[in-house]
Amino acid sequence: MKKTYSGRYFEILEKRKNLPVWVHKEEFLKTLKENQIVLLVGETGSGKTTQIPQFVLEAVLNENPSSGPKGKKWLVGCTQPRRVAAMSVSRRVAEEMDVEIGDEVGYTVRFEDCSSSKTVLKYLTDGMLLREAMADPLLGRYKVIVLDEAHERTLATDLLFGLLKQTLVSRPDLKLVVMSATLEADKFQNYFTGVPLIKVPGRLYPVEILYTREPQRDYLEAAINTVIQIHESEPPGDVLVFLTGEEEIEDTCRRIASKLGDQVNVMPLYSTLSPAMQQKIFDPTTDAVRKIVVSTNIAETSLTIDGIVYVVDPGFSKQKLYHPNTRVESLLVSPISQASADQRAGRAGRTQPGKCFRLYTEKSFKELEKQTYAEILRSNLANTVLTLKRLGVENLLHFDLIDPPAPDTLARALDDLYHLGALDDECNLTKTGEMMSEFPLDPQMAKMIIVSPQFNCSNEILSVSAMLSVPNCFIRPRGEGQKAADKAKSMFSHIDGDHLTLLNVFHAFLQHNQNQDWCYENFINYRAMKSAVNVREQLVRIMSRFQIKLCSPDFNSRDYYVNIRKALLAGYFMQVAHLERTGNYLTFRDKDDQVVHLHPSNCLEYKPEWVVYNEYVLTSRNFIRTVTYIQGEWLVDIAPDYYKPANFPNSEAKRVLQRHCKKRRLSEERSCKIF
Ligand code: ADP
Ligand code: MG
């Protein structure tokens with residue numbers, strides 16, 4: 001590392017030394033030296049994420065002057081549940097250590113690796129560490145692993161707990177630090193019995209909590225009014241508003257800006273924001289202008305913005321929910337828990353006494369759940385089971401988890417994987433399953449890619465998959481731009497479905513040499529397109545590792561799109577819906593079929609009898625989003641085992657299926673007869 005540091009380095013160092021964790025540096029390092037596992041619990045903003053990994057690194061470098069396995073450097077890894085946090089924090093730490101990001105300090109998130117052979121401190125998403133464990137179960141290059149934000153209880157972090165518990169036994173030289181905000185610490189202590197706990201008291205100023213007298217009908221309206229009221233009647237201090245998603249946030253930012261003009265500096269914060277914009281959030285405020293940050297849950301515990309004095313909390317966030325019966329996993333705007341509400345309030349009291357405006361009544365607060373349920377209890381577990389199988393976990397029921405999932409959910413997941421051909425009759429991973437687990441995608445998408453050469457269209461399927469893996473590429477501004485945006489979109493529309501429309505956009509982007517102006521003129525999100533190109537390249541690399549053929553049908557052939565639609569179905573055959581005589585779509589499943597509607601964003605010009613869909617969205621109604629027309633007989637051709645009529649309860653769709661089965665049987669018999 002460098003011997004002389006810049007002035008900026010010393011300037012930041014002084015600030016760092018004021019963070020509460022610095023008081024505990026010696027105690028922490030001593031405890032780590034004497035124990036294999038250490039728990040550290042501290043108020044958000046006390047310096048856990050940015051400082052502790054640096055302390056650990058210092059100790060590792062002092063104790064291991066020579067390099068690690070195979071002459072490579074030892075690594076300290078720090079996991080984050082959110083990719084934005086991994087990127088933003090690692091940049092900050094690189095700056096604190098006076099190095100370039102990607103050199104000594106790096107980060108790895110899905111589809112983006114910014115680390116090198118020089119890297120000794122790596123921030124990565126919990127999902128990425130899980131992937132690394134698939135390739136190397138002993139995590140041989142790591143000397144210390146820090147599992148951060150443990151209180152978030154994401155699926156990947158929960159799995160890492162179980163996995164590392166085993167790994168630590170086989171690798172006595174590996175150490176684990178578990179860091180969490182002040183929630184649920186006793187749960188971790190019970191899970192890791194006898195492990196020392198270090199508590200870092202934060203410096204929290206009192207926060208006055210205000211409730212509304214009446215429940216609010218429109219929380220966006222209420223949030224905007226509250227911001228204006230704060231700005232007009234409260235002394236200086238920045239404002240943090242919690243909302244649920246990108247669109248809502250952008251819209252709210254515009255509305256606040258149009259009301260308050262340049263008296264304030266309004267900034268959005270959400271996961272798909274460009275890194276430069278994310279960094280801007282941390283720019284200190286000048287005296288005259290009030291900073292107003294409108295953020296998703298990211299700002300609840302993952303990122304700390306200094307200078308916030310007022311918090312506006314409507315009481316909602318987007319949460320994953322799963323119903324094992326209907327097998328529907330969806331992101332839903334739902335009420336937060338009391339613990340979340342308290343974390344949010346705490347953000348107002350970091351630098352001086354603050355105020356938190358809860359846009360709900362005190363009575364509603366008391367009715368909220370105490371804690372948010374762990375993600376593992378709210379998820380479709382197909383991917384999880386695939387990962388665990390790949391990690392060599394034989395008996396899933398015996399895998400040591402803090403909160404074991406419901407047996408029903410687990411059974412469903414095994415069932416789905418069996419139908420996808422990832423598991424055999426004895427629940428062992430098949431060759432296909434092994435391949436599927438190598439793709440950082442959901443099992444259905446992985447399956448679709450793997451079988452796409454059979455339909456001679458792996459190139460196209462890769463492009464579609466890439467497009468489905470990045471944020472929505474269509475920009476649709478409210479107000480005046482909306483018509484123009486819809487018109488632009490219609491130029492790409494394919495009458496047979498949204499997947500094909502996405503493919504059209506992708507092709508057009510390449511044809512226009514990935515031109516940014518072209519995107520702007522066509523209301524296409526340039527950054528989404530760039531990342532789709534990047535994602536596709538990475539998928540191609542995985543394809544070539546398994547020698548899966550890259551091929552395309554003849555573009556001029558009538559079957560060009562037919563092949564692609566068939567390949568889509570080969571992965572997503574468990575997600576189809578049938579148009580009933582009533583004019584509604586009904587999902588077609590072995591039980592609990594649901595009435596669904598085509599999402600208004602769809603580009604079909606008619607209502608086909610059968611559609612395959614990518615996503616189930618629950619809002620005021622049940623929507624299926626990103627839908628493409630398929631033919632009923634394909635179900636029987638492509639997934640004959642799954643589509644045995646006997647598996648389905650009586651319905652219109654079942655009768656149609658029976659007809660297709662019969663037709664198929666007849667044609668098979670005919671082809672067998674020689675005379
Ligand atoms: P914790 O993990 O305990 O919540 P952090 O280590 O994330 O705390 O934050 C410690 C301090 O570092 C906070 O004051 C925060 O504002 C600051 N900080 C974190 N990231 C940045 C950044 N990108 N730019 C400037 N300051 C930052
Ligand atoms: Mg943190």
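The values are calculated or read from the model by the stated rules, or taken from the named source; none is laboratory data. Since this is a predicted model, take the numbers as computed values, not measurements. So basically every Cβ, Gly included, is an ideal-geometry build from the backbone, and we count neighbours across all protein chains shown. What goes into the accessible areas is simple: the full protein's heavy atoms, side chains included, and nothing from ligands, DNA or RNA. Shrake-Rupley method; radii C 1.70, N 1.55, O 1.52, S 1.80 Å.
Every residue, every condition in (1) touching a strand residue (DSSP E or B) at 6+ places or on another chain (Cβ under 7 Å); (2) modelled with pLDDT of 90 or more; (3) over 30 Å from Asp186 (Cα atoms), yes or no:
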{"site": "Glu394", "(1), (2), (3)": "no, no, no"}
{"site": "Pro405", "(1), (2), (3)": "no, yes, no"}
{"site": "Arg412", "(1), (2), (3)": "no, no, yes"}
{"site": "Asp425", "(1), (2), (3)": "no, yes, yes"}
{"site": "Met436", "(1), (2), (3)": "no, yes, yes"}
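Looking across segment 287-309, the residues that are farther than 29 Å from Thr154 by Cβ and away from ligand 1 (no atom under 16 Å from the Cβ) come down to Asp287, Ala288, Val289, Arg290. Residues that are part of a strand (DSSP E or B) and within 16 Å of ligand 1 (Cβ to nearest atom) within segment 46-76 comprise just one, Val76. Only one of the numbered conditions (1) more than 26 Å from the chain's Cα centre (by Cα); (2) modelled with pLDDT under 95; (3) crowded, with 17+ Cβ neighbours inside 10 Å; (4) of a type in the set (Val, Ile, Thr) is violated by Ile548, and that is (2).
Got a number for residues in segment 22-45 being within 19 Å of Gln343 (Cα to Cα) and either out of contact with any Lys or Arg (no Cβ under 6 Å at 6 or more places or on another chain) or part of a loop (DSSP other than H, G, I, E, B) (or both)?
The initial filter retains those residues of segment 22-45 that are within 19 Å of Gln343 (Cα to Cα), namely 40-45.
Those still in the list that are either out of contact with any Lys or Arg (no Cβ under 6 Å at 6 or more places or on another chain) or part of a loop (DSSP other than H, G, I, E, B) (or both) too: 40, 43-45.
Going through segment 22-45 one residue at a time, the tally reaches 4.
Among residues of segment 284-304 being more than 22 Å from the chain's Cα centre (by Cα) and among the aliphatic types (A, V, I, L, M), the one that is surrounded by the most Cβ atoms within 10 Å (Cβ to Cβ) is Ile292. Going by the conditions given, is Val309 out of contact with any Pro (no Cβ under 6 Å at 6 or more places or on another chain), of a type in the set (Val, Ile, Thr), crowded, with 23+ Cβ neighbours inside 10 Å and within 30 Å of Phe588 (Cβ to Cβ)? Answer is no for this residue. Flag: Ile281 does not match the condition of being within 16 Å of ligand 1 (Cβ to nearest atom), in contact with a helix residue (DSSP H, G or I) (Cβ under 6 Å, 6 or more places away or on another chain), among the β-branched types (Val, Ile, Thr) and open to solvent by less than 50 Å² (accessible area, probe 1.4 Å). One residue stands out among those in segment 178-210 that are open to solvent by 70 Å² or more (accessible area, probe 1.4 Å) and among the hydroxyl-bearing types (Ser, Thr, Tyr): the one that is modelled with the lowest pLDDT, which is Thr182.
Residue by residue, here is whether (1) more than 23 Å from Asp442 (Cβ to Cβ); (2) crowded, with 16+ Cβ neighbours inside 10 Å; (3) not hydroxyl-bearing (Ser, Thr, Tyr) holds:
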| residue | (1), (2), (3) |
| --- | --- |
| Arg478 | yes, no, yes |
| Ala488 | yes, yes, yes |
| Ile495 | yes, no, yes |
| Asp498 | no, yes, yes |
| Val505 | no, yes, yes |
| Ser544 | no, no, no |
| Asp559 | yes, no, yes |
| Gln575 | no, yes, yes |
| Asp590 | no, no, yes |
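Just one of the listed residues (Arg655, Arg670) is loosely packed, with under 10 Cβ neighbours inside 10 Å, part of a helix (DSSP H, G or I) and not small (Gly, Ala, Ser), and it is Arg670. Can you confirm whether segment 347-358 contains a residue that is of a type outside the set (Asp, Glu), surrounded by 17 or more Cβ atoms within 10 Å (Cβ to Cβ) and under 25 Å from the mean Cα position of the chain (by Cα)? Yes, some residue in segment 347-358 is of a type outside the set (Asp, Glu), surrounded by 17 or more Cβ atoms within 10 Å (Cβ to Cβ) and under 25 Å from the mean Cα position of the chain (by Cα).
Mind telling me which of the residues Ile249, Ile224 ends up being farther than 20 Å from Thr285 by Cα and under 24 Å from the mean Cα position of the chain (by Cα)?
Working: Ile224 fails: under 24 Å from the mean Cα position of the chain (by Cα).
Result of the check over Ile249, Ile224: Ile249.
Checked against the criteria, Tyr629 does not count as open to solvent by less than 40 Å² (accessible area, probe 1.4 Å), outside any helix (DSSP H, G or I) and modelled with pLDDT of 90 or more.
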